[in-house]
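The block underneath contains the structure these notes are about, expressed in structure tokens.
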Amino acid sequence: MSPGTRPVRVAVEALADRPERTFTYLLSAALGPAAPGSLLLVPYGRRLALGYLLAGVAEAATAELKAVEAVVSAPMLTPDLLALAEEIAAYYRAPIGTTLAAMLPPGLESRLIRRWVAERPSELPAELAALVGGDGRIGDAALLRQAPRRGRTAWLEGLRRAGVVRAEWSLRAPEVAERRVRVVRALPSDAEPPRRAPVQRALLAALGEGERTMAELAEDLATEPARLLAPARRLEALGRVELAWRTVERDPLVHRERTLNLRHALAAEQAAALDAIVRLPAGGELLLEGVAASGKTDVYLAAVQETLEAGRGAIVLVPEVSLVPQLADRLRAMVGDDLAVLHSGLSAGERHDEWWRILRGEARVVIGTRTAAFAPLDAGLIVLDEEHDGGYKSDRTPRYDARWVARRRAAIGGARVVLGSATPDLVSVARVRGGHAERARLVERRVGGMPEIELVDLRAELGGGNRSIFSTALADALGELRQGSQQAVLLINRRGASTFILCRDCGESLRCPDCELPFVYHLDGGTLRCHHCGRTAAPSERCPSCGSSRIRYFGAGTQRVEAELRGRFPGLRVARLDSDALAARRGFEAVYDEFREGRVDVLVGTQLAAKGLDSPTVTLAAVIAADVTLNLPDYRAAERTFGLLAQVAGRAGRGPMPGRVVIQSYAPSHYAVKAAARLDVDGFADEELLRRRLLGYPPFSLLARLLIGDADRARAEERGRQAAAAVATPGVEVLGPLPSYVVRRAGRYRYQVVLRAADADARGRALELVPPGVAIDVDPESLL
């Protein structure tokens, strides 16, 4: 080992024989300062790969060590995140390099910049010497343009080995752009706009003698800024106005004077909940259970404020991107530009820039989806809103659960964790009952009152001759809606118009050839669509199996509900909120704004409509078919049904007008449906936890799922049997292999093996024996 070099631990995003596997490289002091968390460029196989410098002692070398090529960046990961990454890799059996990559913004490789340092400029060819800048560097593209067409790599390597030039790597700097707004300035002129130009005249009248922004003028004229641009340009041509840009200073304190001490505005039970949060020890956890409209968000904001005053930062998580804007608006009003946003809806560049803002200390509060749990700040508080939601579990490696991550990060960094929900996850309830977490309840609505909840037996409706998707009670309630002053939310947790297509002669259903799941008919474009792989097909007039023309469409989805509403209640303005309707970026905000501003009377949606919509004019909420989730073959089906029904019930009655909830079901006597109608969290938990104890499901056991996929069905099943045999160890029950709920996807047959153990150590020993090529899902959110 030459002087000035040291062996270091480096994680590389690559397959390894064990998840915690790291690699040892030699790091030269000549490459500049490097601390744990820095990004490195290292030789890996025949390529250069991004590596992550870790703390600790490097493994003993068994062969000649390779040298680090370059130090790419200052530390992008804080010490607590590095420690957390190693815990995630061990618990979720995920490669440490892949885990670290998941913590960082995506697309870092695309931001790599290579420049060349002229070590001995006098020895450079004349054409290259002319390209050397004042800082002694040559741009990569400029140097390569001078390379010969043939043998470019050898030519470049010759310059490097001779010590004439040296490669220097870095990440492209964050793109911090000034915020600009378009302004209109009045100019002295006698020219008048034409008489047939009312918009130009109105714009002049609103402008007066000074300068105003286009947004201010649009608000005065009740229009959109884009509609005023053409009239403003015509006025500019007349010499009456001047269009210009004004730079807006980004002052992080600009909104603060509008924020009072939030503690003073809290009701008694909210203040008690806040005190419970403040009393939590470092690493402590509190379950904040509150009925809809009870003011959980106010408690979150007050807790964030107190954390900031104590000199630490805060992370606020929501389960879906669609829920970010509403909470972000309130946080931004409180902390201004101290707020950063991290979620998958941002571009790679936006996420990279936000990451560096947080790391530089320019943002002390972060809001986002589960990836925001890795924000690089000194977090004193981590809040998970709607903590029951399955969106907190990642579906790709590392398959981490943000709730577990929050608990471990709090334990490492001394933060407090707040889990908020109207329908808490049963694991969270069990943690409270077991003494591992505290609990605070908000039982009073801050606005409105508890809605009247009605259970409708669809069997009785069918027996009475009503074959509509709307029960008599629901149809009457929709007919009584007052347009413009009352709104309704209708939920059916299926997209499309018809959920399966059946031949009445042979009984065959039209299925996706890739997934072998029923096609769903969509009105948009009149196509059949697979909701698992996205494959589309044209509707068939004849059965592909027997040739019969007796093809019939069954079931109902959001599109059919929307269509029947428009046909039966033409006076109501209807909108749809599902993943099909939100394909465009920021689609949720558009639908949400229309609904909030009263331009929509009835909103039809999937479970998206049950989350986050807070409108005081919603007087009716209904579930079209409560049995959709109840009958899924999964141990959490009852819990999901209870949560969904209770969440929908929380949408109604949040204002001065009384609310009404209609739940339609073929199983109204089921304990989950009955408990949801009573909004009885503890009653449901008592019943469901007893069943789980008897059946050995979490939280009374620990699960892991092995996923096997192969283009050949027999081979997939055989690999499943081999995996099941490999993990059969004392203290672990092995179930399977069995076909997954979606047997075939994207041309690959899917099998799964389920492990059930009483403790994490037994499960961990079994998972160490999983054969290569088998995906591991620890603490699966679902067994479907």
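Put simply, the Cα atoms of the chain extend 95, 93, 67 Å along their principal axes, the longest span coming first. Counting only protein chain heavy atoms and rolling a 1.4 Å probe, the accessible areas of TRP155, TRP116 rank, largest first, as TRP155, TRP116.
So with the 1.4 Å probe, I'd like the accessible area per residue for region 63-200, rounded to whole Å².
Ligands and nucleic acids excluded, the figure is 55 Å² per residue.
Projecting the Cα positions of LEU280, LEU707, TRP245 onto the charge dipole of the chain (unit charges on Cβ atoms of Lys, Arg, Asp and Glu, taken about the Cα centre) puts LEU707 furthest along the positive direction.
Given a 1.4 Å probe and the protein chains as shown, MET450 ends up with an accessible area of around 100 Å². The accessible area of ARG332, taken with all protein chains in place and a 1.4 Å probe, comes to roughly 90 Å². Taking the Kirkwood radius as Rh and the Cα radius of gyration as Rg, region 321-410 has a ratio of Rg/Rh equal to 0.93. Apolar share of the accessible surface for the chain: 50 percent from carbon plus sulfur atoms, 1.4 Å probe.
Can you tell me which of 594-601, 313-320 comes out highest on packing, and rank the rest after it, using the mean Cβ neighbours within 10 Å?
Highest-to-lowest ranking by the protection proxy: 313-320, 594-601.
On a per residue basis, region 368-505 carries 38 Å² of accessible surface, using protein heavy atoms and a 1.4 Å probe.
Under a Cβ-only charge scheme (Lys and Arg +1, Asp and Glu -1), can you give me the dipole magnitude of the chain about the Cα centre, in debye to the nearest 20?
1760
Helix content alone sets the calculated 222 nm mean residue ellipticity of the chain: runs of n ≥ 4 DSSP H residues at -39500 (n - 2.57) each, divided across all residues, give -9000 deg cm²/dmol. Surface analysis of region 260-330 yields an accessible area of 36 Å² per residue, using protein heavy atoms and a 1.4 Å probe.
Given in Å, the Rg to one decimal and the Dmax to the nearest whole number for the Cα atoms of region 56-136 are 19.3, 58. Heavy-atom accessible surface of ARG713, to the nearest 10 Å², is about 90 Å², with a 1.4 Å probe and all protein chains retained. Each DSSP beta bridge with both residues in the chain is either parallel or antiparallel, and the antiparallel ones are about 60%. Of GLU119, GLU285, GLU269, the order by accessible heavy-atom surface (1.4 Å probe, DNA, RNA and ligands excluded), from most exposed downward, is GLU119, GLU269, GLU285.
ARG719: net charge of surrounding residues, Cβ under 13 Å, Lys/Arg +1, Asp/Glu -1, itself excluded?
+1
The values are calculated or read from the model by the stated rules, or taken from the named source; none is laboratory data. Just so it is clear, the model here is predicted, and its values are computed rather than measured. Quick reminder, even Gly has a Cβ in these numbers, built from the backbone with ideal geometry, and neighbours come from all protein chains shown. Remember, those area values only see protein heavy atoms, side chains included, never the ligands or the DNA or RNA. Shrake-Rupley method; radii C 1.70, N 1.55, O 1.52, S 1.80 Å.
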